[in-house]
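First up is the structure itself, then whatever we jot down about it.
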Amino acid sequence: VVLFQDFDYAPYQMGPYLPLIRDYVEKGGGLAMIGGSLAFDGGGYAETALSEVLPVRMRPNDPAGAAVIEGAFSPEPVAALLHHPLIELYPDPSQTVAAFKKLEPLVGANSLLGLRKGAASLLDHPTARLDGGAKLAVLAVGNFGKGRTLAFGTDTSWHWSMPTAGRGSDPSAYDRFWDRAVRWLTRDPLLDPSHIATDRES
């Protein structure tokens, strides 16, 4: 897995490597981009090969800096995907929704332009909307060739750990999320859905 966390590739002369990372993902690798002021449009990625790979569409690079939605917010799990391994905190969907509400709020979200074809949002911003009224995706996943990609439009997921514990809530969601994220990106078969078939009615 390749992870870019709030990272601007240009000062490190990494431009020539980005097409190679695209090819790596297409052949089966994993890529995650984690938000912040230097991620997505803030890092100028809309004009690079990674724009083909990530599950979200980005704004063009702006010399004024990244487009970020300020303020604290609690992301909302997408109801139809509550059993996705990245956000399924409990087998009971209602418990998962309740658990997300008890986590420490995140702060700041990258203002992305929506999902790429075939991608899915797992967590939405509660109030931010795209042109047309669709919810802003905070956590999106998708496929590119044989590989998988993840876009997390904030760099404050750590709030789910110690700050959540400080409120007396369960901080294990942070560890579980990132453990499953890496395993999902690497296609860990233990995260694949199980299918049971029987040769008789009972």
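A single member of Ala64, Ala72 is open to solvent by 50 Å² or more (accessible area, probe 1.4 Å), aliphatic (A, V, I, L, M) and in a loop (DSSP other than H, G, I, E, B), and it is Ala64.
Collect the residues in the range 145-160 that are under 18 Å from Leu3 (Cβ atoms), open to solvent by 30 Å² or more (accessible area, probe 1.4 Å) and assigned to a loop (DSSP other than H, G, I, E, B), keeping them in residue-number order.
Taking the range 145-160 and keeping what is under 18 Å from Leu3 (Cβ atoms), we get 147-158, 160.
Imposing the further condition that a residue be open to solvent by 30 Å² or more (accessible area, probe 1.4 Å) reduces the set to 148, 155, 158.
Selection gives Asp155 alone.
Of all residues being under 21 Å from Arg148 (Cβ atoms) and touching a Gly at 6+ places or on another chain (Cβ under 7 Å) in the range 7-21, which is most open to solvent (accessible area, probe 1.4 Å)? Just the residue, please. Only one residue fits best here, namely Phe7.
Does Tyr24 satisfy the condition of being open to solvent by 30 Å² or more (accessible area, probe 1.4 Å), in contact with a strand residue (DSSP E or B) (Cβ under 8 Å, 6 or more places away or on another chain) and in a helix (DSSP H, G or I)? So that I can check it myself, show each step before the final result.
Values: open to solvent by 30 Å² or more (accessible area, probe 1.4 Å): yes; in contact with a strand residue (DSSP E or B) (Cβ under 8 Å, 6 or more places away or on another chain): yes; in a helix (DSSP H, G or I): yes.
In short, yes.
Working carefully through the options Gly133, Gly142, find the one that is open to solvent by less than 50 Å² (accessible area, probe 1.4 Å) and in contact with a Gly (Cβ under 7 Å, 6 or more places away or on another chain).
Working: Gly133 fails: in contact with a Gly (Cβ under 7 Å, 6 or more places away or on another chain).
After ruling out the rest, the residue left standing is Gly142.
When Trp184 is tested against (1) open to solvent by 20 Å² or more (accessible area, probe 1.4 Å); (2) within 15 Å of Gly35 (Cβ to Cβ), just one condition goes unmet, and that condition is (2).
Restricting to the range 162-173, and then to whatever is outside any loop (DSSP other than H, G, I, E, B) and not aliphatic (A, V, I, L, M), can you tell me which residue is nearest to Leu86 (Cα to Cα)? Among those residues, the one meeting the criterion is Ser172. Listed by first and then second residue, the pairs with beta-carbon distance under 7 Å, at least 6 apart or on different chains, first residue in the range 143-169 and more than 18 Å from Pro75 (Cβ to Cβ), second in a helix (DSSP H, G or I) and open to solvent by less than 40 Å² (accessible area, probe 1.4 Å), are Phe144/Val25; Gly145/Val25; Gly147/Val25; Arg148/Trp184; Arg148/Leu185; Thr149/Val25.
Taken together, the criteria place His125 among residues that are in a strand (DSSP E or B), touching a Phe, Trp or Tyr at 6+ places or on another chain (Cβ under 9 Å) and either within 12 Å of Ser74 (Cα to Cα) or open to solvent by less than 50 Å² (accessible area, probe 1.4 Å) (or both). Condition check: in a strand (DSSP E or B), touching a strand residue (DSSP E or B) at 6+ places or on another chain (Cβ under 6 Å) and under 25 Å from Asp62 (Cβ atoms). Does Leu136 satisfy that? Yes: the conditions hold for Leu136.
Please verify whether the range 86-96 includes one or more residues that are in contact with a Pro (Cβ under 7 Å, 6 or more places away or on another chain), β-branched (Val, Ile, Thr) and more than 29 Å from Glu52 (Cβ to Cβ). The answer is yes, given that some residue of the range 86-96 is in contact with a Pro (Cβ under 7 Å, 6 or more places away or on another chain), β-branched (Val, Ile, Thr) and more than 29 Å from Glu52 (Cβ to Cβ).
Scanning the range 89-110 for residues that are part of a loop (DSSP other than H, G, I, E, B), modelled with pLDDT under 95 and surrounded by 16 or more Cβ atoms within 10 Å (Cβ to Cβ) gives a single hit, Leu89. Can you name the residue in the range 47-61 that is modelled with pLDDT of 95 or more and not in a loop (DSSP other than H, G, I, E, B) and is also farthest from Tyr12 (Cα to Cα) among such residues? That would be Val56.
The single condition among (1) touching a helix residue (DSSP H, G or I) at 6+ places or on another chain (Cβ under 7 Å); (2) basic (Lys, Arg); (3) part of a helix (DSSP H, G or I) that Arg176 does not meet is (1).
The values are calculated or read from the model by the stated rules, or taken from the named source; none is laboratory data. Just so it is clear, the structure is predicted and the values come from calculations on it, not from any experiment. In this analysis, Cβ positions are derived from the backbone assuming ideal geometry, glycine residues included, and neighbour counts consider all displayed protein chains. In case anyone asks, the SASA skips ligands and DNA or RNA and just uses the protein heavy atoms, side chains included. Shrake-Rupley method; radii C 1.70, N 1.55, O 1.52, S 1.80 Å.
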